[in-house]
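Chemist: To start, I am sharing the structure in question, which I have written as structure tokens.
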Amino acid sequence: MKIFGVTGWKNSGKTGLVERLVAEFIYRGLSVSTVKHAHHTFDVDHPGRDSYRHRVAGAKEVLLVSKNRWAIMHELRDEDEPNLAEILTKIEKVDLVIIEGFKRDRHPKIEAFREETKTPVIALQDDTIVAVAASSSLTDLSIPVFDLDSTSEIADFISNFLDLNV
């Protein structure tokens, strides 16, 4: 299972790039999963629902199953947040896992960058970033720079980098 990350500051275009890359790689015949890191508390459940009530009652894990999908909610209950390597053991094997976030982990990444956010280019300080997808021209980098909207070209780069054979 190959992994490749998309990183960048808030509002840099990470999620849009991930969304387009998933669609592109699926179009090319790969199986793809994603892992998204959230820096805030989130909930996929809703107060009053049976599964929510099970979780609030103290269940460690709640599996929600229907004819269209299933989901597992695992409450950490005073455990540390799992690291990326632990999370990757919990997902089904696919051709490619695209990781959004996990900025400090040591997997290869492309940085989404928008000059208008007035944030620094992370790639200048992070050798795990092997390319940048930018909304503006960047000339002071020694790694490839792509237009943020050039999904096919970015997918080609990732395919070659990971030797995906698509």
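Chemist: List, please: which pairs have Cβ atoms under 8 Å, are six or more places apart or on different chains, and start with a residue in segment 83-104 that is touching a residue at least 24 places away in the same chain (Cβ under 8 Å) and closer than 15 Å to F25 by Cβ and end with one that is exposed (fewer than 15 other Cβ atoms within 10 Å of the Cβ) and among the small types (G, A, S)?
Modeler: Once the first residue is touching a residue at least 24 places away in the same chain (Cβ under 8 Å) and closer than 15 Å to F25 by Cβ and sits in segment 83-104, its partners that are exposed (fewer than 15 other Cβ atoms within 10 Å of the Cβ) and among the small types (G, A, S) give V94/S31; D95/S31; L96/S31.
Chemist: Restricting to segment 101-113, count the residues that are surrounded by 15 or more Cβ atoms within 10 Å (Cβ to Cβ) and either of a type in the set (V, I, T) or modelled with pLDDT under 95 (or both).
Modeler: Result for segment 101-113: 5.
Chemist: Closer than 20 Å to L164 by Cβ, outside any loop (DSSP other than H, G, I, E, B), in contact with a strand residue (DSSP E or B) (Cβ under 8 Å, 6 or more places away or on another chain) and touching a residue at least 60 places away in the same chain (Cβ under 8 Å): which single residue out of L17, L30 fits that description?
Modeler: Selected residue: L17, the only one of L17, L30 that is closer than 20 Å to L164 by Cβ, outside any loop (DSSP other than H, G, I, E, B), in contact with a strand residue (DSSP E or B) (Cβ under 8 Å, 6 or more places away or on another chain) and touching a residue at least 60 places away in the same chain (Cβ under 8 Å).
Chemist: Counting only residues that are basic (K, R), out of contact with any Leu (no Cβ under 6 Å at 6 or more places or on another chain) and buried (at least 17 other Cβ atoms within 10 Å of the Cβ), which one in segment 1-27 is farthest from L84 (Cα to Cα)?
Modeler: Applying the filter and picking the extreme gives R20.
Chemist: Moving on to the next point. Between L162, L141, L148, which is free of Cβ contacts under 8 Å to residues at least 24 places away in the same chain, surrounded by 15 or more Cβ atoms within 10 Å (Cβ to Cβ) and of a type in the set (A, V, I, L, M)?
Modeler: After ruling out the rest, the residue left standing is L141.
Chemist: Among the residues of segment 28-58 satisfying the criterion of being closer than 19 Å to L88 by Cα and loosely packed, with under 12 Cβ neighbours inside 10 Å, which is modelled with the highest pLDDT?
Modeler: Among those that are closer than 19 Å to L88 by Cα and loosely packed, with under 12 Cβ neighbours inside 10 Å, it is A38.
The values are calculated or read from the model by the stated rules, or taken from the named source; none is laboratory data. This is a predicted model, so every value here is computed, not measured. All Cβ positions, even for glycine, are placed from backbone atoms using ideal geometry, and neighbour counts span all protein chains on display.
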